[in-house]
1. With the crude spin-label approximation of a point 7 Å out along Cα→Cβ, what separation in nm comes out for residue 156 versus residue 140?
2. Rounded, prolate or oblate: which fits region 140-182, taking a ≥ b ≥ c as square roots of the Cα gyration tensor eigenvalues, rounded meaning a/c under 1.5, else prolate when a/b beats b/c?
3. Calculate the spin-label point distance for residue 120 paired with residue 99, positioning each point 7 Å from the Cα along the beta-carbon direction, and give it in nanometres.
4. If each DSSP helix of 4+ residues adds -39,500 (n - 2.57) and the sum is divided by the residues in the chain, what number results at 222 nm, nearest 500 deg cm²/dmol?
5. Order of 97-109, 28-40 by packing, highest average Cβ count within 10 Å first?
6. In terms of the Cα gyration tensor, with a ≥ b ≥ c the square roots of its eigenvalues, is region 1-123 rounded because a/c is under 1.5, prolate because a/b exceeds b/c, or oblate?
7. Once you sort the root eigenvalues of the Cα gyration tensor of region 79-172 as a ≥ b ≥ c, which label holds: rounded (a/c under 1.5), prolate (a/b larger than b/c) or oblate (the other case)?
8. Label points 7 Å out from Cα along the Cβ direction at residue 44 and residue 85: separation in nm?
Ligand SMILES: [Zn+2]
């Protein structure tokens, strides 16, 4: 194997302009311009994240690939920014010096897959925690407890009707529409 190809694909239409260093690139569809993050930089971030998984340096080969819906008008010298249809050709061209044997490839594959599992679990945990927090907040509000500071929620009259505010006002500015308490 020749290294790990890190491929960022984009399905943008229109003219695409940009360069290697800029923070943003521009998509132009009949004069309608829209900026997006420089995908070379974005892919560099992915490469960095992968790099961090390995104890030893690994050869990464980043490629940015656009669908043929896009008309690439970018000024790129060193990096690989291509059309998705040319991806196999590009990978073949870049596969020049073999630097890993199959055992090493298996180890790398294992490292990446292990991390994918870990990230999947973290996403799951994050969703569970968010749900728990929302439930807890709702329970506090139902019990007239300020979810922000633990004070008491009291009914107040404002310009636009009644609302519940925290008894620790003005230290705590938590409010909730009284309709939302029903
Ligand atoms: Zn409060």
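Each value in this text was obtained by applying a stated rule to the coordinates, not by laboratory testing. What you see is a predicted model; the values in this text were computed from it and never measured. Using ideal geometry, Cβ is built from the backbone for each residue, glycine included, and neighbour counts are taken over all protein chains shown.
1. Output for this residue pair reads 1.7 nm.
2. Oblate, since a/c reaches 1.5 and b/c is not below a/b.
3. Roughly 3.0 nm, to one decimal.
4. -12000 deg cm²/dmol
5. My ranking of the peptides, most packed first, is 28-40, 97-109.
6. prolate
7. Prolate, since a/c reaches 1.5 and a/b exceeds b/c.
8. 3.1
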